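*Asks:* Could you have a look at this structure, given as structure tokens, before my questions?
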Amino acid sequence: MATLPPISLTATRGHVFCSIPSDPRSASSISEAFLHRRSVYFGFNPLVAPVAKRESNQMLMNEVGNGMTRPRRGLACRSVEVADSKLCFANGNRFQLNDVIEAQQFDRDILNAIFEVARDMEKVEKNSPGSQILKGYLMATLFYEPSTRTRLSFESAMKRLGGEVLTTENAREFSSAAKGETLEDSIRTVEGYSDIIVMRHFESGAAKRAAATADIPVINAGDGPGQHPTQALLDVYTIKREVGKLDGIKVALVGDLANGRTVRSLAYLLAKYQNVKIYFVSPDVVKMKDDIKEYLTSMGVEWEESADLMEVASKCDVVYQTRIQRERFGERIDLYEEARGKYIVDKGVLNVMQKHAVVMHPLPRLDEITVDVDSDPRAAYFRQAKNGLYIRMALLKLLLLGW
């Protein structure tokens, strides 16, 4: 076997980040792999290591036994035991991810470290509105679907850190996509004008395609019914701030669970924590899909489907309401009308909720939370939306500058 290039390891709580520098003489060098204390994360993550990002996107890791992983072309890594370390989160170190595409990318240590940076960003926003840490950087927002909170919070985040913004509000209609340009060609063009791309798309999986194409960071701001990882990050951050803990909580996910990318990403992140129980409360036509249920089961997370919102709300620390998404039903308006209005959070639901519990919603809402709930201190959804600014400030800083 050929001599391996130098390998650098950073460790955090039993996980090893194995970094293998790109070999300029060979397109088959592998840039980074994730290993676990006793088992290997097979399923190579294409969302890391910019030095050989495009080449490494095509390499799939396979488990080959004896604690080894081997890409289809060449290099091998072995899982190793390491002691706990926070060194990889030290100031000046590179962020562990090159793109933010899906909730499964994050572990508890990275989440906690991101949340600490978000707390710092709260201070920046409140006390130092003239921050210039991202001065000279340009962010492109490429939105193929409508957005208010996500797009504006990203743009606000960039500007509050001294950066600049290039924006396309309705790229599906008012960009070259309307002329038939492929997503890949659009990404290759836009990355030439910017340092980071924030993209929302109507197709599930579009963000992965963008990340596989671009040599600059890509953030998934929602890809159809797929995922919305930055929303999940701000949701978990909000739960921590409002409830005071993440282990041992009970969460009700209510509404359109089949089409809601926010609840899918949130379920993935909640699975990182201990003794969590998730209740699924939804009309029959928009029940949570089996892939999420199977994932939670595989992670040892208890879940339960229920048709009784009042009973579930009385048990939970968080009632996470979502709207029924008319745009996902196509011409089946009859199914939309069947689902709409079945589960509404109103004063009656508040009356059975615990005093410390909160109501959350990714917004926008229609009639699934009545306006008289807004005045209750347990209505956390506008505080939740504000937290999106801090999380997105943190992500922009981390992706562009590191820790």
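The values are calculated or read from the model by the stated rules, or taken from the named source; none is laboratory data. Owing to the predicted nature of the structure, the values given are computational and were not obtained by experimental measurement. Backbone-built Cβ (ideal geometry, glycine too); neighbour counts: all protein chains shown. Side chains are part of the model used for accessible areas, which takes the heavy atoms of the whole protein and leaves out ligands, DNA and RNA. Shrake-Rupley method; radii C 1.70, N 1.55, O 1.52, S 1.80 Å.
*Asks:* Go through the range 285-307 and count every residue that is open to solvent by 50 Å² or more (accessible area, probe 1.4 Å), in contact (Cβ under 8 Å) with a residue 24 or more places away in the chain and not aromatic (Phe, Trp, Tyr). Let's see the steps before the verdict.
*Replies:* Within the range 285-307, the subset open to solvent by 50 Å² or more (accessible area, probe 1.4 Å) is 285, 287, 289-291, 294-295, 297-300, 302-305, 307.
Then drop every residue that is not in contact (Cβ under 8 Å) with a residue 24 or more places away in the chain, which leaves 285, 287, 289, 295, 299, 302-305, 307.
Checking the rest, the ones that are also not aromatic (Phe, Trp, Tyr) come to 285, 287, 289, 299, 302, 304-305, 307.
Qualifying residue count, the range 285-307: 8.
*Asks:* Let me ask another. Out of (1) part of a helix (DSSP H, G or I); (2) within 27 Å of the chain's Cα centre (by Cα); (3) modelled with pLDDT of 90 or more, the odd one out for Glu327 is which?
*Replies:* It fails just one condition, (3).
*Asks:* Which count do you get for residues in the range 344-399 that are without any contact (Cβ under 8 Å) to a residue 40 or more places away in the chain and among the basic types (Lys, Arg)?
*Replies:* The number of residues fulfilling the criteria is 4.
*Asks:* Among the residues of the range 259-269, which ones are open to solvent by less than 10 Å² (accessible area, probe 1.4 Å) and modelled with pLDDT under 95? Lay out the reasoning, then the answer.
*Replies:* Kept after step one, since they are open to solvent by less than 10 Å² (accessible area, probe 1.4 Å), are these residues of the range 259-269: 260, 263, 265-267, 269.
Within the range 259-269, Gly260, Val263, Ser265 qualify.
*Asks:* Could you count how many residues in the range 355-378 are open to solvent by 10 Å² or more (accessible area, probe 1.4 Å) and small (Gly, Ala, Ser)?
*Replies:* Total meeting the criteria: 1.
*Asks:* State whether the residues of the range 215-236 include one that is surrounded by fewer than 20 Cβ atoms within 10 Å (Cβ to Cβ) and either aliphatic (A, V, I, L, M) or outside any loop (DSSP other than H, G, I, E, B) (or both).
*Replies:* no
*Asks:* Exactly one of these conditions fails for Lys272: (1) open to solvent by less than 30 Å² (accessible area, probe 1.4 Å); (2) outside any helix (DSSP H, G or I). Give me its number.
*Replies:* Lys272 satisfies all of (1) open to solvent by less than 30 Å² (accessible area, probe 1.4 Å); (2) outside any helix (DSSP H, G or I) except (1).
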